[in-house]
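Reading through the structure tokens given below for one structure.
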Amino acid sequence: MKLTKAYGLAPLKLAETIAEFIKAPMFSKIEVKAPGFINFYLSNDTVYQNAYNVLKLNENFGRVNIGNGVKVNVEFGSVNPTGPISVSHGRQVVLGDIFSSMLEFTNHSVAREYYCNDAGNQIRNLGKSVLVRYRQALGAKVEFPEDGYHGDYVMEIARELIAIHGEKYQAEGPADEDVITLFGDYSQTKMIKEIVGVCEKMGVKYDTIYSERSLYSDGIVAQTLEFLKANALTYEKDGATWFLSTKFNDEKDRVLVKSDGKSTYALSDIAYHKTKYSRGFRQLITFLGADHHGYIKRLHAAVSALGVPPETLTILIHQFVTMLKDGQVVRMSKRAANYVELNELIDDVGVDAVRYFFIMRKMDAHLDFDINLAKSQSTDNPVFYLQYCHARCHGVLNEARTKGFDVAIDKIAALPHDIVKKLDSPEEVAILKRAADFPKIMEECVKNYAPHLLCHYAEDFVKLFQSFYTKGKIDKNFRIVTDDKDLSSARLFLIYVVLITTRNILKVMKLSTPERM
RNA sequence: GUGCCUGUAGCUCAAUGGAUAGAGCGUCGGACUACGGAUCCGCAGGUUGGUGGUUCAACUCCACUCAGGCACACCA
């Protein structure tokens, strides 16, 4: 239709003309429909060839080469180590992990990274909070700082410190700053361990935990500042050193070194990104919560200042999670300490459900997480539906085996074309066709940064099979294993296509693949 | 005040600028009486928040507007 002007022909007429010229054996039918569409119908032979390919590729079915092995750094879940990890961060961790998994599946060399903000005021604040709780626990009348961390975990840490140090730091003293540092470091180490532990419990394993503090001790911050100065990207104003980030489209310039001589987060952040490139990564992906959307321009300015094409950095913003329990919104706030902890949620609904629910919606949209619904092991649980399909395929193969069929995959994969083409009902052809879409879906997920598309595809695909399968319960002619040996073999071929596709989907999402449920 | 995200069926959400806007849940009707278990089929349900604009074609792009969410530090 876009060509109609160029050729001066009516759309329908033009489509007919084009259709005339296209003749290929892979299409069984080519038709022209108003107002000017050309429909190509894949011939069944093409469908069967694709299906043979599924069995041949097996666990590699669905892989597409998008990345050419490029080194990608995926940073996600970089929670400040000042408290337990919350469910909104959980969403980010799962998004980052599964997207990384998708990148690996599409031939990228991925490093999962956690950036640990262990260098700023918040650690001092944490240390101070713990110190006050420590003293309170020992009976002192000390006012808790309003901007301190109010969660119960602070008291837990304080008790641990009492167990370790006794009453050594009970009295206020001139060395309090040192104590705050000591307590802060202890607390921070403990929190990071706990956060990473919860992530591992969810099946997420980081390749690197990068410490902000190390940027200072390794001299990278200082080097970065020198680099920026040498390139005339800084200036002095009001006793502070500023980064000329407006030159790279940022909304305002940023302070790098405060008038008191201390560096800001903005500076260490530039230094951090510098290391990502110097560590050999050629593509950076950073997941941030919606509250950080203001960073996008700043970070792009940062990498531009480093002389790197800004498009090598992709920042993905995800919206928050609203937890619903018994129809009530559960508020989440670290400060107020009445938020839902990710750890509790995992215990509550299970790893697979948590992982799936967190990626099933596009990240731009808010996610309502109904705890009651996720907990219910009913059939409206899509995870259950997918895993059941996988288990069912195994069940059918076992059934066939007991009836004397050789169900080894290489045996089934070697079935002659004449047998496979017995899969000619519209339902069977539809399943085979939809399975063949899997690689294309993977590509869309990665290129559009949209992992949720895989969920929609998976549910759609599995439904086709479940529907066909149920047909066999009503009409014996649609059963998988029947008296007709050739037809049964053909249908076992179909089972393998479904099994492989479903299993590979589950594996990309790093969900368990039960053979029986 | 400025900026970012969202608004689609009763609910939760899909839809590279393309054909009659699709699923799940829920409602209603039907099938199955089961370890090849824990389901399947169908009906109903829509002015895609609103108003303009661009286009052969708009849920999709642009402008304005309404509603909700989130940010706008010499904090991190």
Exercise. Just to be sure, is A:LYS13 basic (Lys, Arg) and closer than 30 Å to A:LEU494 by Cα?
Worked result: no
Exercise. How many residues does the stretch A:495-517 contain that are outside any helix (DSSP H, G or I), under 21 Å from A:MET442 (Cα atoms) and of a type outside the set (A, V, I, L, M, F, W, C)?
Worked result: 3
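Does A:GLU515 satisfy the condition of being acidic (Asp, Glu) and crowded, with 18+ Cβ neighbours inside 10 Å? Steps first, answer last, please.
Working: acidic (Asp, Glu): yes; crowded, with 18+ Cβ neighbours inside 10 Å: no.
Here the answer is no, as A:GLU515 does not meet what is asked.
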For this session: Note down all Cβ pairs under 7 Å where the first residue falls in the stretch A:290-301 and is at pLDDT 90 or above, the second is among the polar types (S, T, N, Q) and in a helix (DSSP H, G or I), and they're at least six residues apart or on different chains.
Result: A:ARG298/A:SER245; A:ALA301/A:SER245
Problem set entry | Failed condition for A:ASP352, given (1) of a type in the set (Asp, Glu); (2) within 27 Å of A:LEU494 (Cα to Cα); (3) near RNA strand B (Cβ under 9 Å from one of its atoms) | (3)
Exercise. Is there a residue being over 22 Å from A:VAL308 (Cβ atoms), under 23 Å from the mean Cα position of the chain (by Cα), surrounded by 19 or more Cβ atoms within 10 Å (Cβ to Cβ) and within 15 Å of RNA strand B (Cβ to nearest atom) anywhere in the stretch A:207-215?
Worked result: no
Exercise. Can A:HIS394 be described as under 29 Å from A:MET509 (Cα atoms), touching an Asp or Glu at 6+ places or on another chain (Cβ under 7 Å) and within 11 Å of RNA strand B (Cβ to nearest atom)?
Worked result: yes
Exercise. When the residues of the stretch A:224-264 are filtered to those that are under 15 Å from A:VAL303 (Cα atoms), of a type in the set (S, T, N, Q) and touching a Lys or Arg at 6+ places or on another chain (Cβ under 8 Å), which remaining residue is farthest from RNA strand B (Cβ to nearest atom)?
Worked result: A:THR224
Exercise. Considering A:GLU160, A:GLU146, which residue is farther than 28 Å from A:TYR210 by Cβ and under 36 Å from the mean Cα position of the chain (by Cα)?
Worked result: A:GLU146
Exercise. Take the residues of the stretch A:464-494 that are within 6 Å of RNA strand B (Cβ to nearest atom) and in a helix (DSSP H, G or I): which is surrounded by the most Cβ atoms within 10 Å (Cβ to Cβ)?
Worked result: A:TYR469
Exercise. Among all residue pairs at least 6 apart or on different chains, which show Cβ distances below 8 Å where the first residue, located in the stretch A:115-142, is within 21 Å of A:GLY173 (Cβ to Cβ) and the second is among the hydroxyl-bearing types (Ser, Thr, Tyr) and within 11 Å of RNA strand B (Cβ to nearest atom)?
Worked result: A:ILE123/A:THR82; A:ASN125/A:THR82; A:LEU126/A:THR82
For this session: May I ask you to list the residues in the stretch A:446-461 that are more than 8 Å from RNA strand B (Cβ to nearest atom) and either in contact with a helix residue (DSSP H, G or I) (Cβ under 8 Å, 6 or more places away or on another chain) or of a type in the set (Phe, Trp, Tyr) (or both)?
Result: A:VAL446, A:TYR449, A:PRO451, A:LEU454, A:CYS455, A:TYR457, A:ALA458, A:PHE461
Exercise. Looking at the stretch A:241-263, which of its residues are buried (at least 17 other Cβ atoms within 10 Å of the Cβ) and over 15 Å from A:SER304 (Cβ atoms)?
Worked result: A:THR241, A:TRP242, A:VAL255, A:LEU256, A:VAL257, A:SER263
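Which of the helices (runs of 4 or more DSSP H) contained wholly in the stretch A:1-95 include at least 1 residues that are closer than 30 Å to A:LYS507 by Cβ and within 16 Å of RNA strand B (Cβ to nearest atom)? Please lay out each step first, then the result.
Values: elements: A:4-7, A:11-21, A:44-57.
Output list is empty.
Results for (1) part of a helix (DSSP H, G or I); (2) closer than 29 Å to A:GLU200 by Cα; (3) of a type in the set (Phe, Trp, Tyr); (4) touching a Gly at 6+ places or on another chain (Cβ under 7 Å), shown as yes or no for each residue.
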site: A:TYR115; (1), (2), (3), (4): no, yes, yes, no
site: A:ARG124; (1), (2), (3), (4): yes, yes, no, yes
site: A:LEU131; (1), (2), (3), (4): yes, no, no, no
site: A:GLY139; (1), (2), (3), (4): no, no, no, no
site: A:ALA158; (1), (2), (3), (4): yes, yes, no, no
site: A:GLU177; (1), (2), (3), (4): yes, no, no, no
Exercise. For the subset of the stretch A:273-300 comprising residues that are of a type in the set (A, V, I, L, M) and within 13 Å of RNA strand B (Cβ to nearest atom), which member is nearest to A:VAL94 (Cα to Cα)?
Worked result: A:LEU288
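The values are calculated or read from the model by the stated rules, or taken from the named source; none is laboratory data. Predicted, not measured: the structure shown is a model, and the values here were computed from it. In this analysis, Cβ positions are derived from the backbone assuming ideal geometry, glycine residues included, and neighbour counts consider all displayed protein chains.
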